[in-house]
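Peer 1: Sharing a structure, written as structure tokens. Questions coming.
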Amino acid sequence: MAKKAETVNMVDRFAEFKELKNIDKTTMISVLEESFRNVLSKMFGSDENFDVIMNPDKGDCEIYQNLQVVPDGEVENKDMQIGLSEAREIDPECEVGEDVAKQIFFEKFGRRAILNLRQTLQSKILDLQKDAVYAKFKEIEGELVTAEVHQIWKREMLLIDEDQNELILPKDEQIPGDFFHKGDMVRAIVKRVDNPNNNPKVIISRTDERFLRRLFETEVPEIHDGLIIIRQVARKPGERAKIAVESYDDRIDPVGACVGVKGSRIHGIVRELRNENIDVIPYTSNPQLYIQRALSPAKISSIRLNEEDKKAEVFLHPDEVSLAIGKGGLNISLAQKLTGYTIDVYRDIEEGEEDIYLDEFRDEIDDWVIEALKDLGLGTAKAVLNAPKELIDQADLEDETVEHVLEVLRAEFED
């Protein structure tokens, strides 16, 4: 009786697992039957002449061995045949040549058989659990999740969600300025699901641009409802982001809806992103206007486009150049990511002002040096000569190279 109870309890435990992991009844029955057949096959050499009937609602299992009836004394294989006298104890009307179904009581096979069954079942349960985790998170890649910090290591953190699934937040997927303690609740997006050796590993991220998108969807009902669409996102996590939005309803101001009254909607997002500065701009299919908006807060004088090469030459008043470039070149870098255009910034040459584009000095200054300076928005000789040393330093040029450039440019304007 104790052995029977042990078998039943094992089935009950699987039923509990089913409830926790949302495994459907069909799968549960299949796994149980497969586990029993696996053990039967080991014990009898084959499970082909066995019927395994699962009763998940009752929490038990019935096993029948189909045996061919042969005359008494002619049983050659007791796993496949049964004598007539013994057969008639099961079915009084059976005859030689027919089959009878003999019920097998699994618990009578002893502790080793039950242990074997339990191990087989646990192995299959583990595989099911891994498959369920992989399928669940693969389906929600790019979506928001919330989990609790469980363990913090140097290169990553382990988090546990409400279903007790383990999530990994690597250091390089954390926003600079993120600082968590054990027990903190963290929001992130599912970046990807790796599955080495059928051992799913869920990687989450707070630096992925999709994290910013999902936060806006959460905070801005018009985006969630599809009235406003996020066209493009560019961000440097923890520092600055640009997001282009468009409204499908002319009555809705997409920028105003995203920012909210007195910034009520965007403030929560900014706090979540560790005070990341967010520029929300209205999307347009007009590339010149789009680039102009993307370079905000700088005011553009004119733009010259090369549609084929996706390049834009932007001309600004000298006072606007530093705004267009931004600290460390961040504003222009994000504008390029947002628009898909390579943007070169030039100072407007006012009437009566003498200036020369750097491209004119390619015979005296190496091309790569000129390109490095242009990447900082320094497209003319006077732009370089008037630029603060801190800005030129961002080009990462040797001191000798910088001095040579300045000498060449100064000589051009000497009397």
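Peer 1: Only one residue in Tyr346, Tyr341, Tyr283 is open to solvent by less than 20 Å² (accessible area, probe 1.4 Å), aromatic (Phe, Trp, Tyr) and touching a residue at least 40 places away in the same chain (Cβ under 8 Å). Which one?
Peer 2: On the way: Tyr346 fails: touching a residue at least 40 places away in the same chain (Cβ under 8 Å); Tyr283 fails: open to solvent by less than 20 Å² (accessible area, probe 1.4 Å).
Just a single option satisfies the conditions, and that option is Tyr341.
Peer 1: Which condition from (1) in contact with a Pro (Cβ under 8 Å, 6 or more places away or on another chain); (2) surrounded by 17 or more Cβ atoms within 10 Å (Cβ to Cβ); (3) among the hydrophobic types (A, V, I, L, M, F, W, C) is the one that Leu305 breaks?
Peer 2: (2)
Peer 1: Applying the selection to segment 53-71, what residues are modelled with pLDDT under 90 and surrounded by fewer than 17 Cβ atoms within 10 Å (Cβ to Cβ)?
Peer 2: If we filter segment 53-71 for residues that are modelled with pLDDT under 90, which is where we start, we get 53-63.
Scanning segment 53-71 gives Ile53, Asn55, Pro56, Asp57, Lys58, Gly59, Asp60, Glu62.
Peer 1: Go through segment 73-115 and give me each residue that's of a type in the set (S, T, N, Q) and under 17 Å from Ser41 (Cα atoms).
Peer 2: Residues of segment 73-115 of a type in the set (S, T, N, Q): 77, 81, 85, 103.
Listed by number, the residues that qualify are Asn77, Gln81, Gln103.
Peer 1: Hey, another quick one. Pick from segment 110-129 the residues that are among the hydrophobic types (A, V, I, L, M, F, W, C) and open to solvent by less than 70 Å² (accessible area, probe 1.4 Å): which of them is farthest from Ala188 (Cα to Cα)? Give the derivation first.
Peer 2: First pass over segment 110-129, keeping only residues among the hydrophobic types (A, V, I, L, M, F, W, C): 113-115, 117, 121, 125-126, 128.
Cutting the leftovers down to open to solvent by less than 70 Å² (accessible area, probe 1.4 Å) gives us 113-114, 117, 121, 125, 128.
Details: Ala113: 46, Ile114: 44, Leu117: 41, Leu121: 35, Ile125: 29, Leu128: 26 Å.
If we take residues in segment 110-129 being among the hydrophobic types (A, V, I, L, M, F, W, C) and open to solvent by less than 70 Å² (accessible area, probe 1.4 Å), then Ala113 is farthest from Ala188 (Cα to Cα).
Peer 1: Just checking, how many residues over segment 135-181 are surrounded by fewer than 12 Cβ atoms within 10 Å (Cβ to Cβ), more than 21 Å from Leu212 (Cβ to Cβ) and either among the charged types (D, E, K, R) or in contact (Cβ under 8 Å) with a residue 60 or more places away in the chain (or both)?
Peer 2: Qualifying residue count, segment 135-181: 4.
Peer 1: With the structure loaded, tell me whether Ala298 is part of a loop (DSSP other than H, G, I, E, B) and open to solvent by less than 30 Å² (accessible area, probe 1.4 Å) or whether it fails that test. Explain how you work it out, then say what you get.
Peer 2: Working: part of a loop (DSSP other than H, G, I, E, B): yes; open to solvent by less than 30 Å² (accessible area, probe 1.4 Å): yes.
So Ala298 fits the description; yes.
Peer 1: Determine which single condition Val369 fails, assuming it passes every other condition in (1) under 22 Å from Lys236 (Cβ atoms); (2) not in a loop (DSSP other than H, G, I, E, B).
Peer 2: Result: Val369 passes all but (1).
Let's see how each residue does on (1) in contact with a Leu (Cβ under 8 Å, 6 or more places away or on another chain); (2) within 23 Å of Asn277 (Cβ to Cβ); (3) among the β-branched types (Val, Ile, Thr):
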{"residue": "Glu139", "(1), (2), (3)": "no, no, no"}
{"residue": "Ala147", "(1), (2), (3)": "yes, no, no"}
{"residue": "His150", "(1), (2), (3)": "yes, no, no"}
{"residue": "Met157", "(1), (2), (3)": "yes, no, no"}
{"residue": "Asn165", "(1), (2), (3)": "no, no, no"}
{"residue": "Pro170", "(1), (2), (3)": "no, no, no"}
{"residue": "Phe180", "(1), (2), (3)": "no, yes, no"}
{"residue": "Met185", "(1), (2), (3)": "no, no, no"}
{"residue": "Thr207", "(1), (2), (3)": "no, yes, yes"}
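Peer 1: A follow-up question, please. Could you list, in sequence order, the residues of segment 258-279 that are open to solvent by 70 Å² or more (accessible area, probe 1.4 Å), assigned to a helix (DSSP H, G or I) and on the phi < 0 side of the Ramachandran plot? Walk me through it before giving the result.
Peer 2: Taking segment 258-279 first, the residues open to solvent by 70 Å² or more (accessible area, probe 1.4 Å) are 261-262, 264, 267, 271, 274-275, 277.
Applying the additional criterion that residues be assigned to a helix (DSSP H, G or I) yields 261-262, 264, 267, 271.
Val261, Ser264, His267, Arg271, listed by residue number.
Peer 1: Mind checking whether some residue in segment 399-406 is part of a loop (DSSP other than H, G, I, E, B), of a type outside the set (Phe, Trp, Tyr) and surrounded by 15 or more Cβ atoms within 10 Å (Cβ to Cβ)?
Peer 2: No; the residues of segment 399-406 include none that is part of a loop (DSSP other than H, G, I, E, B), of a type outside the set (Phe, Trp, Tyr) and surrounded by 15 or more Cβ atoms within 10 Å (Cβ to Cβ).
Peer 1: Considering segment 192-224 alone, what residues qualify as being open to solvent by less than 60 Å² (accessible area, probe 1.4 Å) and either in a strand (DSSP E or B) or under 19 Å from Asp172 (Cβ atoms) (or both)?
Peer 2: Residues satisfying the conditions are Val193, Asp194, Val202, Ile203, Ile204, Ser205, Arg206, Thr207, Asp208, Phe211, Leu212.
Peer 1: Let me ask something else about it. Can you tell which of Ala188, Ala132 is among the small types (Gly, Ala, Ser), buried (at least 18 other Cβ atoms within 10 Å of the Cβ) and touching a helix residue (DSSP H, G or I) at 6+ places or on another chain (Cβ under 8 Å)?
Peer 2: Working: Ala132 fails: buried (at least 18 other Cβ atoms within 10 Å of the Cβ).
It is Ala188.
Peer 1: Just name the residue that is nearest to Lys310 (Cα to Cα) out of those in segment 327-340 that are modelled with pLDDT of 90 or more and not aliphatic (A, V, I, L, M).
Peer 2: Of the residues in segment 327-340, the ones modelled with pLDDT of 90 or more are 330-340.
Still in the list and also not aliphatic (A, V, I, L, M): 331, 333, 336-337, 339-340.
Numbers: Asn331: 18, Ser333: 15, Gln336: 10, Lys337: 12, Thr339: 9, Gly340: 7 Å.
Only one residue fits best here, namely Gly340.
Peer 1: Do we have any residue at all in segment 23-40 that's among the basic types (Lys, Arg), closer than 26 Å to Asp131 by Cα, buried (at least 16 other Cβ atoms within 10 Å of the Cβ) and at pLDDT below 85? Give the steps one after another, and end with the answer.
Peer 2: At the first step, the residues of segment 23-40 found to be among the basic types (Lys, Arg) are 25, 37.
Narrowing further to those that are closer than 26 Å to Asp131 by Cα: 25, 37.
Those still in the list that are buried (at least 16 other Cβ atoms within 10 Å of the Cβ) too: 37.
Still in the list and also at pLDDT below 85: none.
No.
Peer 1: Mind telling me which of the residues Ile370, Ile325 ends up being buried (at least 18 other Cβ atoms within 10 Å of the Cβ), among the aliphatic types (A, V, I, L, M) and without any contact (Cβ under 8 Å) to a residue 24 or more places away in the chain?
Peer 2: Numbers: Ile325 fails: without any contact (Cβ under 8 Å) to a residue 24 or more places away in the chain.
It is Ile370.
The values are calculated or read from the model by the stated rules, or taken from the named source; none is laboratory data. Bear in mind the structure is a predicted one, so any value in this text is a computation, not a measurement. Positions of Cβ are backbone-derived with ideal geometry, glycine not excepted, and every protein chain shown enters the neighbour counts. These area figures cover heavy atoms from the full protein model, side chains too; ligands, DNA and RNA do not enter into them. Shrake-Rupley method; radii C 1.70, N 1.55, O 1.52, S 1.80 Å.
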